[in-house]
Amino acid sequence: MKTFLTLLLFLSLGAALQAQVKFVSRFEVPTEPYDPIFEMMRLPDGLVSFRTFQARSFTSPKVFQFFVSDFDLNTRGLVELNLRPGFDMIGYDTDGSNLFVLMSKGFNTNADKYILQVNLVTNQGFEYAADNLLNIELVEFLVQNRKAVFMGNAEGRPAIQIFDLDDKSIHTVQGVYGNNTQVLQIRKMPELESLEVVVSRRGQYKNRETSILTFDMLGNLVREVKVDQFGEPGQEILEGLLLADQNYQQVMIGAFGLEGRSGYQGAYIMEINEFGEYGFKLYTLEDFPNFFNYLPEKQKNKRDQAVQKDLGRSKVPLIKNTFSIRDVRETNDAYYLYFDQINIISARGGRPGGFSPTNSYRYDRINRMGYVPYYMDPFIAPGMPLQAYTFSNEYQYESAHIIKISKEGQVLWDNAATFNGFTTDYPEPFGEIAIVDDDVYHLYAVDDVIKASFFRNGEKIFEQMSFPLEPADPNDRIKNTDFTTLRLVHWYDRYFILTGQQSIRFLNSSGREETREVFFINKILVNGDLYQPVEVRE
């Protein structure tokens, strides 16, 4: 009887644990190992998933495959469109109910290109030649109001061109091409029919200057906010994330530190009014009393004491690793900031700075719903496995930091969760957050588990809990998961999307075991209310 009660308690606790991360729906596409994975983008009423695909036959043509899913992952099925021979996808974007895909014949900068427009309502495809463009190493491709935006590197300098799909006119944006210049972010502004571009330049005396440029869709400069005075002497902006405009007010949030040394000191919030005037609020470790909460108590106390020692000497404490802004969520009265602390080890030797090639440009991951496509990174050869890339860096994730700051500037709370030294050579960020009211969920996928941490009103409720991947049917069994294909991204509210390739064991209609190879999309719900502390379980 005692053994039975123990088993019953174990099963009930296991069920409660699994309920915190629930796999609510799933969609599968039959595939083969090493087939290309599907990219994803948000739509107002769901998702669009797509890829270029060629069956394993010398005579099979390459096709464009896509499917549209609603919020329950219901879909009308897989649709295929023919492609021109020899062309492959190198960029994509959505605009309204249309998906635009940039196709290239090879990956040379002067390769022939065309744009495939897919009407996601009628499933029809339209082609537009993309001729007479600059020969650039493509970094970004966007479409706004039937105008395609190309951003990349031309002879080591950034260049932006705007191509009108209807009249075929090309406009080169002025003011971004130059030595020691980087484009940090491009943001579409459809309501104003313009683009916002964040540019960073290193001057003659190695001082860094950040500019926020607004262009119309003919490439004309409409406004420039030049941030040439920042913080105390020797301090500079190391990273920045520009938020959507609110009544002609702009906000950029990121990390700052010591000039030319990538010595991170904390976070800043820059507010810009309609006249282009700006002001800063700076936050250091003095403002984040829970910064070291990801460490064991003894180590945390030691780090806290070191901070207090620096403050006692009127010294701004340094953050030892790269302190990278990942996301900002805005409410009516506050900002939720999500930072990662990462130790970056360069294969070339030494530690790359805050403007290293691997993290300088801010891709539109809000809409792309995935890590940056490898083929849009000019530092990685298309088609080359990341593990084979000779000069890849190693990224050791130390901690995730969640900070809530009121719009008046007060730090309302901060906290941190550990990554337990999770290390990867993949050059794009790991970890996603969901914020519902004052609940914050932090999730990421590693191997065959999902790691989850949960904060409520700034208090860490649980950290690094592991939840195994689940098949669609309780009678199925996961035979194998290709960990290199897994992506976990936040979708909306408390829902996340997990995608990847798996081998699934199942019983056929005759009761015999078979295996199917699939690309899957899982919709995942997280619910911190179902968590039971250890003392309650006991």
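So here's what we get for this one:
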read-out: Inter-label distance for S57 and L243, nm, one decimal - labels placed 7 Å from Cα along Cα-to-Cβ; value: 5.4 nm
read-out: Efficiency of FRET from Cβ geometry, Q305 and V449, R₀ 30 Å, rounded to 0.05; value: 0.30
read-out: Sequence-separation-based contact order of the range 33-161, relative, with Cα cut under 8 Å and 6+ spacing, percent; value: 13 percent
read-out: Per-peptide average of other Cβ atoms within 10 Å, ordering 396-402, 273-279 highest first; value: 396-402, 273-279
read-out: The range 165-227 - percent of accessible surface contributed by carbon and sulfur, probe 1.4 Å; value: 48 percent
read-out: Computed over the range 206-272: relative contact order in percent, which uses C-alpha pairs under 8 Å that are six or more apart; value: 24 percent
read-out: Modelled FRET efficiency - R0 51 Å, D164 with D482, Cβ distances, 0.05 increments; value: 0.80
read-out: L258/S510 FRET efficiency (R0 60 Å; Cβ-Cβ; nearest 0.05); value: 0.30
read-out: Accessible surface, per residue, of the range 157-227 when the full set of protein chains is kept, probe 1.4 Å, Å²; value: 46 Å²
read-out: Gain upon complete extension [A334, N527; 0.36 nm per residue less C-alpha separation]; value: 67.2 nm
read-out: Theoretical gain in end-to-end length, E286 to E224 [0.36 nm per residue, Cα-Cα removed]; value: 19.0 nm
read-out: Surface share of carbon and sulfur [accessible, 1.4 angstrom probe, percent] for the range 59-132; value: 44 percent
read-out: Exposure of D304 as accessible area (Å², to 10), given a probe of 1.4 Å and all protein chains; value: 40 Å²
read-out: Percent breakdown of C-alpha pair distances by 5 Å bin, ordered from the shortest bin, for the range 11-111; value: 2, 10, 18, 19, 17, 12, 9, 6, 4, 3, 2, 1, 0
read-out: For the range 420-481: relative contact order, % (alpha-carbon pairs under 8 angstrom, 6 or more apart); value: 20 percent
read-out: Chain lengthening between N273 and D437 when straightened (0.36 nm per residue, less Cα-Cα); value: 56.2 nm
read-out: Candidate residues K298, K281, K22, K404: accessible-area rank, largest first, probe 1.4 Å; value: K298, K22, K281, K404
read-out: Mean accessible surface per residue for the range 446-499, computed with a 1.4 Å probe while every protein chain stays in place, in Å²; value: 45 Å²
read-out: Distribution of pairwise C-alpha distances over the range 159-256, 5 Å bins, in %; value: 2, 11, 23, 23, 18, 12, 7, 3, 1, 0
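The values are calculated or read from the model by the stated rules, or taken from the named source; none is laboratory data. Given the structure is predicted, the values throughout are model-derived calculations rather than measurements. Positions of Cβ are backbone-derived with ideal geometry, glycine not excepted, and every protein chain shown enters the neighbour counts. Surface accessibility is based on the protein's heavy atoms, side chains included, excluding ligands, DNA and RNA. Shrake-Rupley method; radii C 1.70, N 1.55, O 1.52, S 1.80 Å.
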